1. Would you mind estimating how fast the range 2-117 diffuses translationally, via Stokes-Einstein at 25 °C and 0.890 mPa s with the Kirkwood radius over Cα pairs, in µm²/s?
2. Determine the calculated [θ] at 222 nm for the chain from helices alone, applying -39500 (n - 2.57) to every DSSP H run no shorter than 4 residues and normalising by the residue count; nearest 500 deg cm²/dmol.
3. What does the charge count near D108 come to, summing +1 for each Lys or Arg and -1 for each Asp or Glu among other residues with Cβ under 15 Å from its Cβ?
4. With axes computed from alpha carbons, what is the tilt in degrees of helix 85-117 against the longest principal axis of the chain, rounded to the nearest 10 within 0 to 90?
5. Pop the C-beta distance of S115 and E77 into the FRET formula with R0 = 41 Å and round what comes out to the nearest 0.05.
6. Neighbouring Cβ atoms within 10 Å as the yardstick, rank T84, T26 fewest first.
7. Determine the dipole magnitude for the range 2-117: charges of +1 sit on the beta-carbon of Lys and Arg, -1 on that of Asp and Glu, nothing else is charged, the reference point is the Cα centre, and the result goes in debye to the nearest 20.
8. Quick one: Karplus J couplings for the range 56-61, per residue in order, coefficients 6.51, -1.76, 1.60, θ = phi - 60°, nearest Hz, x for Gly and Pro?
Amino acid sequence: MMIERYEDGRPDPRAEEIQRNWRQWTEQNQYRLKESLPVIEGDGAVLIEVFEQQEKREQDQYLVFIPQIPYTSGDSEKLFLVNTEEQLHFLLDSLPKMIRVGIILARDKMQERRSLLN
């Protein structure tokens, strides 16, 4: 899983700690599920999860989890640490579009590989 700060795209220094069990880390740091956004493209689906920090802080107010994109190999999970509601809205506006494209490209690549095997 890749963990990065949305603001500057850099890996978070706590990444190793968070990766051990990110859901447990989220709960221990008082994040609560705010919303789940399904993204569906054909027969592929992804559920974006948005968590909000219960204590108002200036940094890392939100976490956005993107699970592995269907038809991909390797680890494509991503966890964004987001500071402001404005950044969150921008991210949530663009993510579904990017995920749909990712599903389409991965599905096309998988179908191409299958056709080469036949």
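Bear in mind these aren't lab numbers, they're just calculated from the coordinates by the rules spelled out. The shown structure was predicted, so the numbers you read here are calculated from the model rather than taken from an experiment. Ideal geometry is used to build each Cβ from the backbone, glycine not excepted, and the neighbour counts take in all protein chains shown.
1. Details: Rh = 15.2 Å.
So the translational diffusion coefficient is about 162 µm²/s.
2. Numbers: 3 runs with 46 residues, N = 118.
Mean residue ellipticity, 222 nm, calculated: -13000 deg cm²/dmol.
3. On the way: positive: R100, R107, K109, R113, R114; negative: E41, D43, E112.
With Lys, Arg at +1 and Asp, Glu at -1, the net is +2.
4. 20 degrees
5. Working: r = 28 Å, r/R0 = 0.69.
In this case the efficiency is close to 0.90.
6. Working: T84 14, T26 19.
So the residues, fewest neighbours to most, are T84, T26.
7. On the way: 16 positive and 22 negative charges, 89 e Å.
That gives a dipole near 420 debye.
8. Running phi through 6.51 cos²θ - 1.76 cosθ + 1.60 with θ = phi - 60° gives 5, 10, 7, 10, 6, 5 Hz.
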